[in-house]
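The values are calculated or read from the model by the stated rules, or taken from the named source; none is laboratory data. Predicted, not measured: the structure shown is a model, and the values here were computed from it. Note that each Cβ is placed from the backbone with ideal geometry, even for glycine, and that neighbours are counted across all protein chains shown. Protein only, heavy atoms only, side chains kept; ligands, DNA and RNA dropped before computing areas. Shrake-Rupley method; radii C 1.70, N 1.55, O 1.52, S 1.80 Å.
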Amino acid sequence: MKILMVCLGNICRSPLAEGILQSKVNSKHVFVDSAGTSGFHEGELPDNRSIEVAFKNNIDIKQQRSRKFVAEDFENFDLIYTMDESNYKDIIKLSDNENDKQKVKMILNESYPNQNLSVPDPYYGGDDGFKNVFQMLNDACEVIASKINNDAR
Ligand code: 4NP
């Protein structure tokens, strides 16, 4: 099983989603990665505020580097979780068949089914925004991990 987390810059939200889900699954069976719809921060480390909130929760995301989503990601991943509606629309636009489209999901629909809620972009806010984002992603990843771990049994 291969899962890709996607946001705009791949420095705030999706690196957290990647690190959180990795911490909840068996890396032998599940590969988790993240990417941005933009290449604005290509090659950069996650935002310091994401690194910090992850570290406070015993998750190290400092080895991650930002990269842009590429069309081949549709072939390489089974599930693509987008953080907000704008990311969702951007990724759907890049898909060219129904199978690809089916892989794309809004991550908060895992914890709040059918509501199409967005993980707020914390980039221009304060540290509280990152703490809030961490909690939301932790809840969503808990659901994703429990589904995966059930399937693996
Ligand atoms: P992210 O946050 O999509 O959660 O990584 C952002 C990071 C950078 C920018 C926007 C959002 N930016 O405009 O540079």
Of all residues making up the range 48-79, the number that are free of Cβ contacts under 8 Å to residues at least 40 places away in the same chain, open to solvent by less than 80 Å² (accessible area, probe 1.4 Å) and under 25 Å from S111 (Cβ atoms):
2
Among S34, S95, which is the only one that is at pLDDT 95 or above, in contact with a helix residue (DSSP H, G or I) (Cβ under 7 Å, 6 or more places away or on another chain) and under 17 Å from L137 (Cα atoms)?
S34
Which of the following residues is under 23 Å from K89 (Cβ atoms), in contact with a helix residue (DSSP H, G or I) (Cβ under 8 Å, 6 or more places away or on another chain) and open to solvent by 10 Å² or more (accessible area, probe 1.4 Å): L16, L8, L45, L4?
L8
Enumeration of residues in the range 1-46 that are more than 10 Å from the ligand (Cβ to nearest atom) and assigned to a loop (DSSP other than H, G, I, E, B):
M1, V25, N26, S27, K28, H29, V30, G39, E42, G43, L45
I'm trying to understand the selection: among the residues of the range 110-123, which are away from the ligand (no atom under 16 Å from the Cβ) and either buried (at least 16 other Cβ atoms within 10 Å of the Cβ) or among the β-branched types (V, I, T) (or both)?
E110, S111
Could you grab me the full set of residues in the range 56-73 that are assigned to a helix (DSSP H, G or I) and over 15 Å from the mean Cα position of the chain (by Cα)?
K56
How many residues does the range 80-104 contain that are surrounded by 15 or more Cβ atoms within 10 Å (Cβ to Cβ) and either charged (D, E, K, R) or not in a helix (DSSP H, G or I) (or both)?
10
